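A.B. asks: The structure's right below; bear with me while I get my questions together.
The values are calculated or read from the model by the stated rules, or taken from the named source; none is laboratory data. Predicted model, so just to flag it, every value in this text is computed and none were measured. So basically every Cβ, Gly included, is an ideal-geometry build from the backbone, and we count neighbours across all protein chains shown. Side chains are part of the model used for accessible areas, which takes the heavy atoms of the whole protein and leaves out ligands, DNA and RNA. Shrake-Rupley method; radii C 1.70, N 1.55, O 1.52, S 1.80 Å.
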Amino acid sequence: LCKVEVDGVSYMDTGVGFLVYLMGTVTRYLRNKNQSTMTMFLKQLQAGFPLIVLGIGRSIAVALSNYQKHVSEHGVHWNFFVTLLVITLLVPFIQPRSSKNLFWSMLIKIGIYQVAMNLFNMRDFILNAPRDSFLSANREGIIGSFGYLMIFTAGVGVGQVLLEEAEKGKEKNVLPKVVRYLLDKTIITFVLYLVCSQISQVGEVSRRTVNAT
């Protein structure tokens with residue numbers, strides 16, 4: 001039931017992924033996507049203020065209480081609230097303004113992320129590097145944030161379909177449209193998952209690397 005150490009998925013890992021996905025479906029970004037990138041960033045920063053407080057507060061509380069911290073989860077100084085904050089702040093810079101090509105854009109970004117992991121041998125860095133700098137000390141949280149960002153953008157895609165249909169005044173047709181969208185994309189992603197899981201350069205599902213599978 002607990003989080004896995006290297007490869008595989010537990011219930012807690014699945015819950016974290018669902019949380020990030022659902023955050024994407026209701027993000028404030030959906031209502032501000034027609035504004036400039038900087039304006040959206042400032043609004044996302046405002047929305048992320050509670051995460052700043054929670055992230056810093058948790059780190060201070062853990063340090064002061066000498067509470068046991070599993071560093072391979074997110075890192076020495078990092079925590080999941082910080083990951084959520086990073087996702088919130090980055091989404092205006094990488095998210096398409098329309099849902100038309102959002103899914104394929106997400107797949108391309110996932111591919112780029114996985115290629116970068118292979119080129120720079122980031123899996124070995126994440127799993128085995130000494131924690132002698134801020135980056136290496138928090139490598140799971142920092143690098144994994146980009147993987148979680150892809151999960152978040154998948155949720156944004158569903159939220160955009162919902163919002164765009166509602167804005168057309170077709171609220172009664174929203175559910176079939178979303179179900180069809182989810183079914184199509186689920187089939188595609190499941191097939192891609194099966195393919196990726198058989199490619200040695202990608203490997204099994206890994207919580208620590210948040211790889212393409």
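A.B. asks: I need a count of the residues in the range 130-139 that are open to solvent by 10 Å² or more (accessible area, probe 1.4 Å) and in a helix (DSSP H, G or I).
C.D. replies: Our first condition is that a residue be open to solvent by 10 Å² or more (accessible area, probe 1.4 Å); within the range 130-139, this holds for 130-135.
So of that shortlist, the ones also in a helix (DSSP H, G or I) come out as 134-135.
Result for the range 130-139: 2.
A.B. asks: Quick one: which residue in G157, G147 is modelled with pLDDT under 80, closer than 25 Å to V82 by Cα, under 20 Å from the mean Cα position of the chain (by Cα) and open to solvent by less than 80 Å² (accessible area, probe 1.4 Å)?
C.D. replies: From the options G157, G147, the qualifying one is G157.
A.B. asks: Is one or more of the residues making up the range 120-129 within 20 Å of V16 (Cα to Cα), open to solvent by 60 Å² or more (accessible area, probe 1.4 Å) and in a helix (DSSP H, G or I)?
C.D. replies: No: zero hits.
A.B. asks: Can you give me the ranges of the helices (runs of 4 or more DSSP H) entirely in the range 1-49 with at least 3 residues that are modelled with pLDDT of 85 or more, out of contact with any Gly (no Cβ under 9 Å at 6 or more places or on another chain) and open to solvent by 60 Å² or more (accessible area, probe 1.4 Å)?
C.D. replies: Those helices (runs of 4 or more DSSP H) span 37-47.
A.B. asks: Can I ask one more? Considering every residue within the range 60-69, establish whether at least one is modelled with pLDDT of 90 or more and assigned to a helix (DSSP H, G or I).
C.D. replies: No; the residues of the range 60-69 include none that is modelled with pLDDT of 90 or more and assigned to a helix (DSSP H, G or I).
A.B. asks: Identify, please: which residue in the range 119-162 is aromatic (F, W, Y) and in contact (Cβ under 8 Å) with a residue 24 or more places away in the chain and is, among those, nearest to Q44 (Cα to Cα)?
C.D. replies: Here the answer is F152.
A.B. asks: With (1) within 17 Å of the chain's Cα centre (by Cα); (2) more than 19 Å from G159 (Cα to Cα); (3) of a type outside the set (A, V, I, L, M, F, W, C) as the list, and T27 as the residue in question, which single condition is left unmet?
C.D. replies: All conditions pass for T27, except number (2).
A.B. asks: Could you tell me which residue of the range 50-95 is least open to solvent (accessible area, probe 1.4 Å), considering only residues that are among the aliphatic types (A, V, I, L, M), under 22 Å from D132 (Cβ atoms) and over 14 Å from the mean Cα position of the chain (by Cα)?
C.D. replies: Top of the filtered list is V62.
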